[in-house]
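Read through the structure below, which is laid out as structure tokens, and then see the notes.
The values are calculated or read from the model by the stated rules, or taken from the named source; none is laboratory data. What you are looking at is a predicted structure, and each value in this text was computed from that prediction instead of being measured. For neighbour counting, all protein chains shown are included, and Cβ atoms are generated from backbone atoms with ideal geometry for every residue, glycine included.
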């Protein structure tokens, strides 16, 4: 496809069906994506004027619908891809150079004959992913890519993960590399650990690759069990609303480390490596002794994990059987459990400030059981809101936390992919 063919397709409405499939299903969003794709095509032409034949790729953001320490202790997670994404216009350049122009980072050039990845930067991560492909004996060709994001900052999303998966998909396509989602996810995870000093699990990458709502059982640490659930909240009349109550992720680093240490102390006391191996009844029957050894914070965090692990299985069953109202009740239970038991909901650095708790209370008062709300990440809030209440809901929340403090999305059924 050429640039002119792409712009004609957008102008003639020939990409509208695609927009309705991977973004929110309304005319306003369709028009917004038309403008966004035309802008991306124009900017690609300006940055890389010698290229004409192009491809278009997209990688979604992702969110945990329910997860409280479960990934770190190899339990169960319910995760979903959402309709905000990274969009890339790309072309092979017939050179031995990969050029990535990311709106947020500017131009990165990687010489494939001399990849010096470094660590801790966007460029280092990109070079690391390329290096990991080459270690698997995949020869990489040069290409140019213009990348634009509509994944909002300050809401707990990992733009980094979406970028990793997007780049891996582009490399796989242009070099005819046939890898399954586990292999791609592990390449991204390895690069993230070595070249960006982040040591996370595979859930984020696998969710971005799979799309839709996915249930994970992490007991098999290297190859977690994955089950995609075919349901779209918008078909049930609900939207996802993300709320930034003003919490700064950096303010929670000490609390996260403490929580991790708390849970490790309990797993040690129970004689297991990870809490997913623990026996619930043994824990509860010995809770007095564990309190003495590990402290109340550790006990509460463990209770949150054990209950969450069972609840996620129930949520999966509810979604599979179409019991959406029961699913919402369970998500509300998750929010209550987080608020009651997780010490990292509030920052000890600012003991007089409780933005997440205020947001949770305001959401619950407005919804009055008509949806669901839970802590999402570092004091951020995820609400599942009936469509007829969305406008009023966002007005109330933005009245409390400021203009732009809410963001509405839907579930995206497809993962990272070549669009054209």
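Structure values in brief
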{"quantity": "Selected residue [over 28 Å from residue 238 (Cβ atoms), within 24 Å of the chain's Cα centre (by Cα), in a strand (DSSP E or B) and at pLDDT 95 or above] from 40, 88, 59, 81", "calculated": "88"}
{"quantity": "Search result, residues across segment 92-109 that are within 24 Å of the chain's Cα centre (by Cα) and under 18 Å from residue 54 (Cα atoms)", "calculated": "100, 101, 102"}
{"quantity": "Of residues in segment 401-420 being under 21 Å from residue 365 (Cβ atoms) and surrounded by 15 or more Cβ atoms within 10 Å (Cβ to Cβ), the one farthest from the chain's Cα centre (by Cα)", "calculated": "401"}
{"quantity": "Any hit, segment 208-225, residues being exposed (fewer than 15 other Cβ atoms within 10 Å of the Cβ), touching a strand residue (DSSP E or B) at 6+ places or on another chain (Cβ under 7 Å), free of Cβ contacts under 8 Å to residues at least 60 places away in the same chain and not assigned by TED's automatic domain parsing to the domain that holds residue 94", "calculated": "yes"}
{"quantity": "Segment 281-292 residues that are in the same structural domain as residue 307 (by TED's automatic domain parsing), paired with ones that are surrounded by 13 or more Cβ atoms within 10 Å (Cβ to Cβ) and outside any helix (DSSP H, G or I) (beta carbon under 7 Å, 6 or more apart)", "calculated": "282/270; 283/270"}
{"quantity": "Unique residue being at pLDDT below 85, buried (at least 21 other Cβ atoms within 10 Å of the Cβ) and in the same structural domain as residue 356 (by TED's automatic domain parsing) when the list is 259, 253, 334", "calculated": "259"}
{"quantity": "Matching option when the condition is touching a residue at least 12 places away in the same chain (Cβ under 8 Å), closer than 30 Å to residue 24 by Cβ, assigned by TED's automatic domain parsing to the domain that holds residue 37 and assigned to a helix (DSSP H, G or I), among 123, 162", "calculated": "162"}
{"quantity": "In segment 146-155, the residues that are outside any strand (DSSP E or B) and surrounded by 14 or more Cβ atoms within 10 Å (Cβ to Cβ)", "calculated": "150, 151, 152, 154, 155"}
{"quantity": "So residue 275, is it assigned by TED's automatic domain parsing to the domain that holds residue 369 and modelled with pLDDT of 95 or more", "calculated": "no"}
{"quantity": "Residue list for segment 105-117, restricted to those being loosely packed, with under 12 Cβ neighbours inside 10 Å and part of a loop (DSSP other than H, G, I, E, B)", "calculated": "113, 114, 116"}
{"quantity": "In segment 356-400, residue surrounded by the fewest Cβ atoms within 10 Å (Cβ to Cβ) [restricted to those that are part of a loop (DSSP other than H, G, I, E, B) and touching a strand residue (DSSP E or B) at 6+ places or on another chain (Cβ under 7 Å)]", "calculated": "370"}
{"quantity": "Test: residue in segment 381-393 that is modelled with pLDDT under 90 and in contact with a helix residue (DSSP H, G or I) (Cβ under 8 Å, 6 or more places away or on another chain)", "calculated": "yes"}
{"quantity": "Every residue from segment 126-145 that is surrounded by 22 or more Cβ atoms within 10 Å (Cβ to Cβ) and either in a loop (DSSP other than H, G, I, E, B) or more than 25 Å from the chain's Cα centre (by Cα) (or both)", "calculated": "143, 144"}
{"quantity": "Single unsatisfied condition, residue 103 versus (1) in contact with a helix residue (DSSP H, G or I) (Cβ under 6 Å, 6 or more places away or on another chain); (2) in contact (Cβ under 8 Å) with a residue 40 or more places away in the chain", "calculated": "(1)"}
